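Visitor: Please see the structure below; I have some questions.
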Amino acid sequence: MATQNPSIKLDPKYDHYDFPTTAPHKQSGHPGHTTPEQDAQVFQLRTKLEQAGYTERLDTLTLLRFLRARKFDVALSEKMFVDCEKWRKEFNLDDLTRNFDYKEKAQIKYILLPSPLSQSDEPKDGRPVYIEQLGNIDLAAMYKITTSERMLQNLAVEYEKLADPRLPACSRKSGQLLETCCTIMDLKGVGLGKVSSVYSYVKQASAMSQNYYPERLGRLYLINAPWGFSTVFSVVKGWLDPITVEKIHVLGGGYQKELLGQVPAENLPKIFGGTCNCAGGCALSDEGPWTDPKWAKPAKWQEAAKETVIDNQNTNPGTIPDAGDKAPAQKPVAVETGDEINAAPALQ
């Protein structure tokens, strides 16, 4: 049963939440803290999208994220949503989320850690924690075991899993709506020789995040920032939303106190000053409320996959055109394409 939101009129057609729907902090435009005008803008945006033929992802929480990302300008929010849906279709994202198998992940972790290093069970505000070690980037070595296309696919799938089932499970456990994650980017080892590749990566990361996953960043810590990084960051800030910039904290080597103020020591890897030491390594750990039966529930994309399964056991062969007796059963094949990095997850 959906948790009732005291300030937002939930739409019975689209809003089928089984987790809290009120944001923990009183911020304008956030669930539970909207004005009548903002509620009307949600209705306007949904109506426009329905008229354009869209039927998925029209729930109130999703539309509010797109509206906040565009300062509640309905026309701009509509364009952002439509562009996102076009990208999802071109990227074949729904199918990827259900079927993608990133077999090379265990090898890549020693070179690049774009996936969750420690999806924290219980940060002090309840959000998942996502960690990247940018100093480990070695593009030449990385391309020996994977392709940029598969990296992008993996990153998009991780975003989808953040949205569902990870954040809903965290919301159930904390008793309040959680829509964002805490990101830690470790810049240790980012020397002059790596500046260009890291700069390119961060810029591409922001593109995917800001364009297609708005309002998913809660806090971003840039730790072990090298001398002169503030100059580079001043350029980075130029293509980030001012609201996003306010969430970013640039720290040098003395970052432990601030990080431990956000993440409990038992959930922060030892290499960052915590006490977490996952079996097999934190880089491959997926511990969190989303793996705890008390809080975890199947993601909507998992349920959708079950609903579309077709049982052909009793199909009359005569009703299948051109299905010769010797035609072998075909299995879907994953296709790998592309050689250039165009985007990655992270900053918004």
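The values are calculated or read from the model by the stated rules, or taken from the named source; none is laboratory data. Note that the structure is predicted; figures quoted are calculated from it, not measured. As a convention, Cβ positions derive from the backbone with ideal geometry for all residues, glycine included, and neighbour counts pool all protein chains shown.
Visitor: Could you give every pair whose Cβ atoms fall below 6 Å, whose first residue belongs to the stretch 217-241 and is β-branched (Val, Ile, Thr), and whose second residue is in a loop (DSSP other than H, G, I, E, B) and buried (at least 20 other Cβ atoms within 10 Å of the Cβ), counting only separations of at least 6 or pairs across chains?
Guide: 223/255
Visitor: Take the residues of the stretch 66-101 that are acidic (Asp, Glu) and either assigned to a helix (DSSP H, G or I) or in contact (Cβ under 8 Å) with a residue 60 or more places away in the chain (or both): which is farthest from residue 53 (Cα to Cα)? If you could, list the steps in order and put the result at the bottom.
Guide: Start the filter on the stretch 66-101 by keeping residues that are acidic (Asp, Glu), which leaves 73, 78, 83, 85, 90, 94-95, 101.
If we keep only those that are either assigned to a helix (DSSP H, G or I) or in contact (Cβ under 8 Å) with a residue 60 or more places away in the chain (or both) as well, we get 78, 83, 85, 90, 94-95, 101.
On the way: 78: 12, 83: 14, 85: 12, 90: 17, 94: 18, 95: 21, 101: 32 Å.
Looking at the filtered set, the residue picked out is 101.
Visitor: Every residue in the stretch 210-242 that is within 15 Å of the chain's Cα centre (by Cα) and either assigned to a loop (DSSP other than H, G, I, E, B) or at pLDDT 85 or above (or both), please. Explain how you work it out, then say what you get.
Guide: In the first step, residues of the stretch 210-242 are kept if they are within 15 Å of the chain's Cα centre (by Cα); the result is 210-220.
Answer for the stretch 210-242, where residues must be within 15 Å of the chain's Cα centre (by Cα) and either assigned to a loop (DSSP other than H, G, I, E, B) or at pLDDT 85 or above (or both): 211, 212, 213, 214, 215, 216, 217, 218, 219, 220.
Visitor: Right, here's the next one. Mind listing whichever residues of the stretch 157-183 are farther than 15 Å from residue 18 by Cβ and of a type outside the set (Ser, Thr, Tyr)? Spell out the reasoning first.
Guide: The initial filter retains those residues of the stretch 157-183 that are farther than 15 Å from residue 18 by Cβ, namely 157-162, 179-183.
Listed by number, the residues that qualify are 157, 158, 160, 161, 162, 179, 181, 182.
Visitor: For the stretch 139-175, how many residues are at pLDDT 90 or above and of a type in the set (Asp, Glu)?
Guide: 2
Visitor: Could I ask something else about it? Could you list, in sequence order, all residues of the stretch 15-52 that are within 20 Å of residue 216 (Cβ to Cβ) and either assigned by TED's automatic domain parsing to the domain that holds residue 174 or hydroxyl-bearing (Ser, Thr, Tyr) (or both)?
Guide: Those that are within 20 Å of residue 216 (Cβ to Cβ) and either assigned by TED's automatic domain parsing to the domain that holds residue 174 or hydroxyl-bearing (Ser, Thr, Tyr) (or both): 17, 21, 22, 28, 34.
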